[in-house]
Amino acid sequence: MTTPVNKTVTELFDLINKQRAKNLEQDAGLTKLAQKHANFMAAADRLVHSSEPYPEIICYQSGLDAQWALDIWMNSPPHRQILTAAYTRIGLAHSTNKRHKRTYWCAMFQGGIHRKFPRL
């Protein structure tokens with residue numbers, strides 16, 4: 001597994017906000033949860049939804065391409081939830097399985113009311 005390249009996460013964050021009427025804010029707690037889940041998927045080398053109580057979207061790809069991840073989500077009606085106006089905060093992360101060279105993405109969302117996050 002590798003840790004995320006901040007440039008690529010930032011690129012995907014910016015691409016998501018370009019699709020929305022109102023920008024999301026990055027949230028450190030959600031980002032930690034998203035990273036934890038992306039690491040889990042990369043280690044297991046399988047796509048699986050998390051058990052966290054936050055709306056999330058996931059995908060995987062060969063290589064690392066923010067535009068590709070956005071296109072996958074935007075071309076899938078259930079994943080277009082990234083446009084939902086009620087979501088104001090996002091945690092976005094990726095992790096790569098080195099053996100199979102698959103990058104797993106995870107985005108977690110939260111509305112305007114802030115909740116405490118569990119310690120990681």
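The values are calculated or read from the model by the stated rules, or taken from the named source; none is laboratory data. In this text, all values refer to a predicted model and were calculated from it rather than measured experimentally. The area values use the complete protein model at the heavy-atom level, side chains included, leaving out ligands, DNA and RNA. Shrake-Rupley method; radii C 1.70, N 1.55, O 1.52, S 1.80 Å.
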Practice item. Using θ = phi - 60° and the Karplus relation 6.51 cos²θ - 1.76 cosθ + 1.60, list the HN-Hα couplings for the stretch 84-101 in order, rounded to whole Hz, with x at every Gly or Pro. Key: 4, 5, 5, 7, 10, 10, 9, x, 10, 7, 9, 8, 10, 7, 5, 4, 9, 6
Review point. Which value, in Å² and to the nearest 10, is the accessible area of Asp14 when all protein chains are kept and the probe is 1.4 Å?
Key: 70 Å²
Review point. How much accessible surface does Glu52 have with a 1.4 Å probe, in Å² rounded to 10?
Key: 60 Å²
**Study point:** Anisotropy class of the stretch 1-89 from Cα gyration tensor, a/c 1.5 cut
**Key:** rounded
Revision key, fill the gap. Sorted by chain and then number, the residues having a modelled amide H within less than 5 Å of the amide H of Thr88, at least 5 places away or on another chain, are Gln110, Gly111, Gly112
Check your understanding: Which aspartates and glutamates, on any chain, are close to Lys101 with Cα under 15 Å apart, when same-chain ones fewer than 8 places away are left out?
Key -> Asp45, Asp65
**Study point:** Theoretical gain in end-to-end length, Asp45 to Gln19 [0.36 nm per residue, Cα-Cα removed]
**Key:** 6.4 nm
